[in-house]
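The values are calculated or read from the model by the stated rules, or taken from the named source; none is laboratory data. Only a predicted model underlies this, so the values are computations on that prediction, with no experimental measurement involved. Every residue, glycine among them, receives a Cβ derived from its backbone with ideal geometry; neighbour counts consider all protein chains shown. Accessible surface areas use protein heavy atoms only, side chains included; no ligands, DNA or RNA. Shrake-Rupley method; radii C 1.70, N 1.55, O 1.52, S 1.80 Å.
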Amino acid sequence: MDYSVINKRAAGEAAVDYIVSGMTVGLGSGSTVDYMLDKLAEKVKEGLKVQGVPTSKKTEKLAKHLGIPIVDFATITKVDLAIDGADEVDPSFHLIKGGGGSLVREKIVDANAQQLIIIIDETKKVPQLGTYPLPIEIVPFGWQKTAEAIAAFGVEPKLRKLSEQDVFVSDNGNYILDCPFKLIEDPHSLHQQLKQLVGVIETGLFTSMADIVIAGEEGKVEKLTKEK
């Protein structure tokens with residue numbers, strides 16, 4: 001039995017319970033979000049009135065295919081709720097995101113949401129961020145120099161590639177460096193320091209953003225709410 005799939009589906013479907021008619025919903029990216037979209041599409045067919053703001057071209061394509069109404073982010077005044085995945089979540093609800101390469105658009109949408117729900121399977125819960133390599137989106141021009149500046153933090157950045165010859169390019173036309181920091185003592189401080197480097201567009205550190213974490217475990221869900 002593949003508990004990974006079961007747990008992702010359980011978390012994704014549970015998040016749909018927070019969506020009510022009339023909402024503008026940020027639609028995250030990733031395999032767990034895909035299960036959420038499937039469930040949301042069912043609710044839309046049953047009469048739920050929502051409009052979605054996708055965080056990636058892949059999510060936009062899937063949402064349209066499923067019949068979920070999509071709205072241009074530039075035309076709306078607010079995002080009521082965003083539902084997104086994560087590669088790691090620590091006890092303080094700090095996140096590492098960007099494994100799928102959509103971290104910039106995800107952060108823009110998530111930061112503008114009145115509430116952010118993170119959906120994961122239980123393997124993504126960690127006592128401290130850093131086991132998963134931190135994705136950092138950078139400008140392609142002079143990327144080697146940007147990588148050198150990041151390496152000064154004691155890490156070996158690796159340019160993300162689709163193959164030996166083909167570099168991964170984000171929806172924004174940028175490169176991504178995957179940086180294995182191993183253990184991140186202060187996510188907020190590290191994010192601020194990295195953002196100051198010339199050539200860095202955004203990091204996959206999402207600090208103090210998530211309000212609710214829904215974790216699937218053995219087909220059930222655990223719902224965690226950030227302490228105020």
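Annotations
- Acute angle (nearest 10 degrees) that the helix 31-45 long axis makes with the longest principal axis of the chain, alpha-carbon atoms: 30
- If the segment from residue 42 to residue 122 were pulled out straight at 0.36 nm per residue, it would be longer than the present Cα-Cα gap by 26.3 nm.
- Principal-axis tilt of helix 57-66 within the chain, Cα atoms, nearest 10 degrees: 10
- For a label point 7 Å along the Cα-to-beta-carbon line of residue 114, residues of segment 74-93 with backbone N under 15 Å: 76-83
- For a modelled paramagnetic label at residue 76, 7 Å from Cα along Cα-to-Cβ, the residues of segment 99-129 in reach, with backbone nitrogen under 14 Å, are 106-117.
- Using alpha-carbon coordinates, inclination of helix 3-15 to the longest axis of the chain, degrees: 60
- Computed from point charges on the beta carbon alone (+1 for Lys and Arg, -1 for Asp and Glu), the dipole magnitude for segment 18-126 about its Cα centre is near 340 Debye.
- Among the listed pairs 39/125; 64/226; 97/125; 39/220; 97/223; 97/195, a Cα-Cα separation exceeding 21 Å is found for 39/125; 64/226.
- Using a probe of 1.4 angstrom and keeping all protein chains present, the accessible surface of the chain works out to 49 square angstrom per residue.
- Taking each residue as 0.36 nm, the span from residue 196 to residue 17 lengthens on full extension beyond its C-alpha to C-alpha distance by 60.5 nm.
- Note on the chain: with a GNM built from Cα contacts shorter than 10 Å, the maximum mean-square fluctuation among 92, 170, 29 falls on 92.
- Gyration tensor verdict on segment 110-180 (Cα atoms; rounded if a/c is under 1.5, prolate if a/b is larger than b/c, oblate otherwise): prolate
- Surface share of carbon and sulfur [accessible, 1.4 angstrom probe, percent] for segment 1-110: 51
- Under 5 Å, built H, 5+ apart or other chain: amide partners of residue 79: 114
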